[in-house]
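Every number in this text was worked out from the coordinates using simple rules, so none of it is lab data. Computed from a predicted model, the values in this text were never measured in an experiment. As a convention, Cβ positions derive from the backbone with ideal geometry for all residues, glycine included, and neighbour counts pool all protein chains shown.
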Amino acid sequence: MTHVLPAQAPRRIRGNFWSRTWAVLVKEFIQLRRDRVSFAMIIMVPLIQLMLFGYAINTNPRHLPTAVLLQENSDLGRSILAALKNTNYFRVTERPRSEAELDEMLASGKILFGIEIPRNFERSVRRGDKPAMLIVADVSEVSAGPCDRRPQRFAP
């Protein structure tokens, strides 16, 4: 009597993920050593991007055109206006007389920020209330031009 052994299924190698990954990584570095241009590009392109993004591109906004609507002539309103003028971030270019005029300036693209200090603002501050000051920003796409729709106002 002869015993026939069952055919063995091919063994799958498990747990060799890291060794295979290491082998591919070593193979790629050997290939890069042979091709000096690719190696230079892999090193130089990220360095150039790092230099550009780190030093050349300035994402800090400066001198943004701003309109301030003072609905009362108070010491606090004037001091807020003076503080805005003293910063390098805002450049107060317009002094609208009404909310509609402020909205029109924002919609036309003349200004990027609108600040509205309402009536009785200083009195509310002195009383200890929590008065609201409206700050409106034009955040439309820069390449698309000014926004055609009118800005919406939200009550606090």
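Net charge around Glu122, counting only other residues with Cβ within less than 12 Å of its Cβ (Lys, Arg = +1; Asp, Glu = -1)? Provide the component values of the computation, followed by the final result.
Details: positive: Arg78, Arg119, Arg123, Arg126, Arg127; negative: Glu72, Asp75, Asp129.
Neighbourhood net charge equals +2.
Between Asn73 and Val24, the simple label model (points 7 Å from Cα in the Cβ direction) yields a spacing of 7.5 nm.
Taking 0.36 nm per intervening residue step and subtracting the Cα-Cα distance, what contour gain separates Ile42 from Tyr55 on full extension?
Details: separation 13, 0.36 × 13 = 4.68 nm, distance 2.07 nm.
Here the segment from Ile42 to Tyr55 would lengthen by 2.6 nm.
Residues whose amide H falls under 5 Å from that of Leu64, counting only those 5 or more places apart or on a different chain, are Phe90, Arg91, with hydrogens built in the peptide plane.
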